[in-house]
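Have a look at the structure below, then the notes.
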Amino acid sequence: MSDANVKVDTNAAPLNEAANGSAKLHFDVPFFNIQTMFGNLAEQGATRAKANFEQMKAASQEITGALCDACSTNAMRAADYGTKVIEISNANATSTLEFLSQLADARSFADLVNLSTTHSRKTFEATSAQNRELWDLAQKVATETAEPIKQSFNRVLRRAA
């Protein structure tokens, strides 16, 4: 069978006959209304995107507030820590000056050894206590700074899930 013998049925109809005898065919293609098919999907997507944007904006504002609170708390506790370091420095300087004054009043080598031993023991005990105080303050700074951030992130993540 050759191409010339094959008859093709189309639902084409001539639109208009031109003077030269050529005919333009019009094919009946089903009309797809893209707007009606995809318009609702696009509208739903836009609505969902807007709602998600609002949720992200609210979450961002909440986290920003928590970070501001954390920074404020951190600044206050860092100031407390700095104050404690200054107090400790003052106590250590005073202790050292008293020790030097006692050494100046010492009358014998035995007095020097006794004063040095006593001062070393007191200094070690004071340093241990001071280090504990500084450690406790550092833990307090870390805990009080991290807690608001942790709570805020937990709230945001629970809402997102």
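Quick note: the coordinates plus some simple rules give every number you see, no bench work behind them. Just so it is clear, the structure is predicted and the values come from calculations on it, not from any experiment. A quick note on method: Cβ atoms are made from the backbone with ideal geometry, for glycine too, and the neighbour counts reach across all protein chains shown.
Note on LEU134 and LYS50: the extension gain reaches 25.3 nm, defined as 0.36 nm multiplied by sequence separation minus the Cα-Cα distance. Counting other Cβ atoms within 10 Å as a rough exposure proxy, the listed residues PHE153, PHE99 run PHE153, PHE99 from fewest neighbours to most. Over 30 Å apart at the Cα level, from the set LYS57/LYS84; LYS122/LYS150; LYS84/LYS150, are LYS57/LYS84; LYS122/LYS150. Is any residue of the stretch 138-161 close enough, with backbone N under 17 Å, to a label point placed 7 angstrom from the Cα of ALA58 along the Cα-Cβ axis, and if so, which? Only 152-161 pass the distance filter. Where a ≥ b ≥ c are the square roots of the eigenvalues of the C-alpha gyration tensor, would you call the stretch 63-161 rounded, which needs a/c under 1.5, or, failing that, prolate if a/b is larger than b/c, or oblate? Prolate is the answer for the stretch 63-161, as a/c is 1.5 or above and a/b outweighs b/c.
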